[in-house]
Amino acid sequence: MKQFRPFHFPPLHQVRAASGTLSGTEAPLQEDWDSALAAGYRQGQQDGFDAGFEAARAEGFARGQAEGLERGLEEGRAQALAHLDQIGKPVDAALKALKKLKSDFKAAQRKEVVDLVGKIARQVIRAELALQPTQLLALVDEALAAMPPARDTVEVLMNPEELKRVTELDPKRAKKWNLLADPSLDAGEIRVKAGDHEVDAGCQGRLAACMEQVRDAVAGTEGDAA
C-alpha cells in the first residue's frame with residue numbers, strides 16, 4: 001500500500017510576496033517591447049518617407065527632363081525656321097531677279113529674231129521689186145478684188161521711179177488704170193482709190209501683217225518650251 005505524503009499550501013503572505021516579485025520583473029519587459037515597437041514604427045515611417053521621396057524625385061526629374069527636352073526641341077525648331085526664313089528671303093529675291101533676267105533675255109532674243117526676219121524680208125522684197133517691178137500691178141489687182149465694185153476711174157498712186165519702170169516694162173497693163181506718181185510714197189508702196197474707197201496695197205502693210213504672225217509664232221514656241 002502506497003504511502004501518501006501530505007501537501008501543505010504555503011502561507012498567503014508568501015504567495016503574495018512571490019506574485020509581487022514576478023510583476024516587478026514583467027514591467028521592464030513590457031517597456032522594452034513598447035520602446036522597440038515605437039522605434040520600429042518610426043524607422044518604418046522614415047524608410048517609407050525616404051523611399052517615397054526618392055521615387056517622387058526620380059519621377060519628377062524624368063518628367064521635367066522630358067518636358068524640357070520637348071520644349072527645347074520646339075524652341076530650337078522655331079529658331080531654325082526663323083533663321084531659314086531670314087536666309088531664304090535674299091535667295092528668293094535673287095531667284096526672282098534671275099527669273100526676270102531670263103525672261104528679259106528671252107524677250108530680247110525674240111525681238112532680235114523678229115527684227116532680223118523683218119530686215120531679211122524687206123531686203124527680199126526690194127530685190128524682187130528691183131528685178132520684177134511689174135509685180136506691183138499684181139498687188140493692185142488683189143486690192144481691187146477686195147474692194148466693192150466702183151464705176152469711177154481707178155487711181156493708183158505709186159513711187160515715181162517705180163511708176164516709170166512699170167510703165168516701161170508693161171505699158172499695156174499700166175493703161176488699165178490711172179497711174180499717178182506720189183513722191184511721198186516709198187518704194188513698194190501703193191495706194192488704190194476707187195470712188196469713195198481707198199486701200200493701202202503696198203508691201204509695208206502686208207509685211208507688217210506677216211511680222212505680227214511671226215511674233216505670235218515665236219511667242220507660242222517660247223510658251224511651249226516653258
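The values are calculated or read from the model by the stated rules, or taken from the named source; none is laboratory data. What you are looking at is a predicted structure, and each value in this text was computed from that prediction instead of being measured. Cβ: placed from backbone, ideal geometry, glycine included. Neighbour counts: every protein chain shown.
Given (1) over 28 Å from Val114 (Cα atoms); (2) loosely packed, with under 14 Cβ neighbours inside 10 Å; (3) at pLDDT below 85, where does Pro160 come up short, assuming only one miss? Among (1) over 28 Å from Val114 (Cα atoms); (2) loosely packed, with under 14 Cβ neighbours inside 10 Å; (3) at pLDDT below 85, Pro160 violates only (3). Within region 136-154, not a single residue is over 21 Å from Ala208 (Cβ atoms), surrounded by 14 or more Cβ atoms within 10 Å (Cβ to Cβ), in contact with a strand residue (DSSP E or B) (Cβ under 7 Å, 6 or more places away or on another chain) and modelled with pLDDT of 85 or more. Scanning region 170-199 for residues that are exposed (fewer than 14 other Cβ atoms within 10 Å of the Cβ), at pLDDT 85 or above and closer than 15 Å to Val154 by Cβ yields Asn178, Leu180. A single member of Leu144, Leu185 is more than 30 Å from Phe105 (Cα to Cα), among the aliphatic types (A, V, I, L, M) and not in a helix (DSSP H, G or I), and it is Leu185.
For Leu144, are the conditions met, namely being among the hydrophobic types (A, V, I, L, M, F, W, C), without any contact (Cβ under 8 Å) to a residue 12 or more places away in the chain and on the phi < 0 side of the Ramachandran plot? No; evaluated as a whole, the condition is false for this residue. Among the residues of region 118-135, none qualifies, meaning not one is of a type in the set (Ser, Thr, Tyr) and part of a helix (DSSP H, G or I).
For every residue, the table says whether it meets (1) closer than 30 Å to Met211 by Cβ; (2) exposed (fewer than 10 other Cβ atoms within 10 Å of the Cβ); (3) of a type outside the set (S, T, N, Q).
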residue: Leu73; (1), (2), (3): no, no, yes
residue: Arg77; (1), (2), (3): no, no, yes
residue: Ala80; (1), (2), (3): no, no, yes
residue: Gln86; (1), (2), (3): no, yes, no
residue: Pro90; (1), (2), (3): no, yes, yes
residue: Lys100; (1), (2), (3): yes, no, yes
residue: Lys106; (1), (2), (3): yes, no, yes
residue: Lys111; (1), (2), (3): yes, no, yes
